[in-house]
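Colleague: Shown below is the structure under consideration.
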There are 4 protein chains.
Amino acid sequence: MNDQIGATPLPILAVLGPSDASSEEAAIAERIGAVAARAGWVVLTGGGSGVMEAASRGAFEVGGLTVGILPTAGPDRGYPNDWVRLPIYTGSGSARNAFNVLSANLCIAVGGGPGTLSEIALALKSGTPVWCWNSWTLTPPPGAGRPLPRVFDDKDELMTVLEAELSQRSTV
Amino acid sequence: MNDQIGATPLPILAVLGPSDASSEEAAIAERIGAVAARAGWVVLTGGGSGVMEAASRGAFEVGGLTVGILPTAGPDRGYPNDWVRLPIYTGSGSARNAFNVLSANLCIAVGGGPGTLSEIALALKSGTPVWCWNSWTLTPPPGAGRPLPRVFDDKDELMTVLEAELSQRSTV
Amino acid sequence: MNDQIGATPLPILAVLGPSDASSEEAAIAERIGAVAARAGWVVLTGGGSGVMEAASRGAFEVGGLTVGILPTAGPDRGYPNDWVRLPIYTGSGSARNAFNVLSANLCIAVGGGPGTLSEIALALKSGTPVWCWNSWTLTPPPGAGRPLPRVFDDKDELMTVLEAELSQRSTV
Amino acid sequence: MNDQIGATPLPILAVLGPSDASSEEAAIAERIGAVAARAGWVVLTGGGSGVMEAASRGAFEVGGLTVGILPTAGPDRGYPNDWVRLPIYTGSGSARNAFNVLSANLCIAVGGGPGTLSEIALALKSGTPVWCWNSWTLTPPPGAGRPLPRVFDDKDELMTVLEAELSQRSTV
């Protein structure tokens, strides 16, 4: 039994990215997943292949909790990947992209197809911090300033900044 | 690092019920949550008050993982309750009722308002087993047989059958 | 160009029912669709076969506007039926049941599988009036009163009451 | 009664854009709405203010059918605007962005906040053609080609191309 009164929500890192990752994208996603899990963060993805699978595997292999918010209504078409411990089935297709970013404390996009772009955009809309590596470059229309993701060009810098960020809410 | 290849999804018990539970309903929901958590099951609810809160508290207090699939887009109007460790925000109102039952291996409804009735119905539609205690009595229209929930009148019988069921996929 | 300032929303009748209707259910659904369309109401369904198709056909054949709120992300598995003029694709499976009842001014359930039951329940929850013919009989748990659908046993009575109701917001 | 067997779905133009449009953005959205309605297309928006309102007003004032796919569960916070004739309530927040683009035959984004960006992205993902005026400039990450929106810099060119496109499925 816990001593505290009430639960402290577990911090959640959403790793966003396409189902057809390059080997370099998969490698960085796996590192991100592992670092997050070691800091006690839940690693949440869309539960599919590619970047999503790599991040989940990285977290799972160091004992982390991996959540997949699935577009399908049950196991189907590669969902969930083999490393999702907590599959949340929505049967809602791309509408589930909104749930991923609403639930996360921090989003990191690695690579980018159009689905990933929608998640980056929804994160900007909801105010969830979103970081990008090797993803879309976004130039807003002229006029009022728009929120933009934080872009990292250097992998090592991303990992250093991420570790510092995760440590602020580390649960271990 | 785990020895196995790939994750075995954690078994999920969804506890369904209204936000204005009676004390008897809250007591049984809390017992259900505790029993499920002790068997290593995740306890998933809609993340609100009443039955949802009681089941979450019961699970949390014995160290279980409590998930709330929330109708809101962030902390709002009593969501999530204090015992949800993993809040999944959908911003989708009652549409999230569908996600609860799709994600569960077993649903138990305790008491019943109209939202609970919708979840019982969606469980019947998706084929997720659903058990009821002190909830709606459903009489289908004449004609072809319809799937119906399993109804328990006796609390102790419910708990006995539940413990047997949970033990079949116990993770502890 | 219209004279009025702003649009008056079109009144919407949602006809709820299973995809495997009996001939009697299909016949009454078709009558309901026709009566609603003649009164200038939009006829909204889940866009599938059975009761949904019959109501859409009845409305279409007298020149009505038929809307289908589809569970699929595009034409797929019998969705939409041939009589839907305005297909709204959600790709959200049963989560779309919530949208049907939120959008309607009045819901009528004809027959009943579990999906229909979920829509009746969601209508009760949202406060949208819901009428039933040959559908589920619902007995709430003891205790505080619960909202219940209005049940019609007699088809002719249903049609008489419906015509009176529709005439109050007739747009023709 | 119609002569044809079955309904031909009405063609749908989705006009995407932020709730805080500039006067130039509102003016072009209104023109787009009017042109679409005159060609017999349904004009679908997210049902809010700004670009959504302007497009709806333009279509409504020439007698068009205006649909709003609303994030709210009922009239709330400016939803729907005054020019929506067919309000579809989803109560699903930004998840409804996915429904807009799935339902449209063509999407046009005018201006751009993050919500609009998410809709552009979801259109690219679903394969719905999407055109942009004064919206985001998108540069995909290096590597495999990505689908991109068609960008118009000149308003008159946009209107000319649009009229030609609409005429191919004109219903009047």
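Colleague: From the list C:S135, C:S103, exactly one residue is touching a Gly at 6+ places or on another chain (Cβ under 9 Å), of a type in the set (S, T, Y) and modelled with pLDDT of 95 or more. Which is it?
Modeller: Every option except C:S135 fails the conditions.
Colleague: Could you run through the stretch D:78-90 and say how many residues are modelled with pLDDT of 95 or more, surrounded by fewer than 24 Cβ atoms within 10 Å (Cβ to Cβ) and part of a loop (DSSP other than H, G, I, E, B)?
Modeller: So the answer is 2.
Colleague: Please determine, by comparing only the residues of the stretch D:113-172 that are open to solvent by less than 20 Å² (accessible area, probe 1.4 Å) and polar (S, T, N, Q), which one is nearest to A:S135 (Cα to Cα).
Modeller: Only one residue tops the list, namely D:S118.
Colleague: Scan the stretch A:77-96 and give yes if some residue there is touching a residue at least 60 places away in the same chain (Cβ under 8 Å) and either touching a Gly at 6+ places or on another chain (Cβ under 9 Å) or closer than 17 Å to A:A37 by Cβ (or both), otherwise no.
Modeller: no
Colleague: Can you tell me which residue among A:A73, A:A37, A:A54 is more than 13 Å from chain B (Cβ to nearest Cβ), without any contact (Cβ under 8 Å) to a residue 60 or more places away in the chain and either in a helix (DSSP H, G or I) or touching a helix residue (DSSP H, G or I) at 6+ places or on another chain (Cβ under 6 Å) (or both)?
Modeller: Only one candidate passes the filter, namely A:A54.
Colleague: I need the full set of residues from the stretch A:104-135 which are of a type outside the set (S, T, Y), under 12 Å from A:P18 (Cα atoms) and at the interface with another protein chain (Cβ under 7 Å from one of its Cβ atoms), in order please.
Modeller: Hits for the stretch A:104-135 are A:G111, A:G112, A:G113, A:P114, A:G115, A:L117, A:N134.
Colleague: A follow-up question, please. Based on what the data block shows, is D:I12 out of contact with any Gly (no Cβ under 9 Å at 6 or more places or on another chain), open to solvent by less than 30 Å² (accessible area, probe 1.4 Å) and away from chain B (no Cβ under 14 Å)?
Modeller: Yes: the conditions hold for D:I12.
Colleague: Only residues that are farther than 25 Å from D:T8 by Cβ and either open to solvent by 10 Å² or more (accessible area, probe 1.4 Å) or outside any strand (DSSP E or B) (or both): list them for the stretch C:93-108, please.
Modeller: Correct list: C:G93, C:S94, C:A95, C:N97, C:A98, C:V101, C:L102, C:N105.
Colleague: Also, I was wondering about something else. Test B:G6 against the stated conditions and say whether it is over 12 Å from the mean Cα position of the chain (by Cα) and open to solvent by 10 Å² or more (accessible area, probe 1.4 Å).
Modeller: So B:G6 fails the test.
This table checks each residue for (1) at pLDDT 95 or above; (2) buried (at least 24 other Cβ atoms within 10 Å of the Cβ); (3) under 24 Å from D:D76 (Cα atoms); (4) touching a strand residue (DSSP E or B) at 6+ places or on another chain (Cβ under 6 Å).
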| site | (1), (2), (3), (4) |
| --- | --- |
| C:R57 | yes, no, no, no |
| C:V62 | yes, no, no, no |
| C:I69 | yes, yes, yes, yes |
| C:D76 | yes, no, no, no |
| C:V110 | yes, yes, no, yes |
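The values are calculated or read from the model by the stated rules, or taken from the named source; none is laboratory data. Computed from a predicted structure; not experimentally measured. Note that each Cβ is placed from the backbone with ideal geometry, even for glycine, and that neighbours are counted across all protein chains shown. For accessibility, only protein heavy atoms count, side chains too; no ligands or nucleic acids. Shrake-Rupley method; radii C 1.70, N 1.55, O 1.52, S 1.80 Å.
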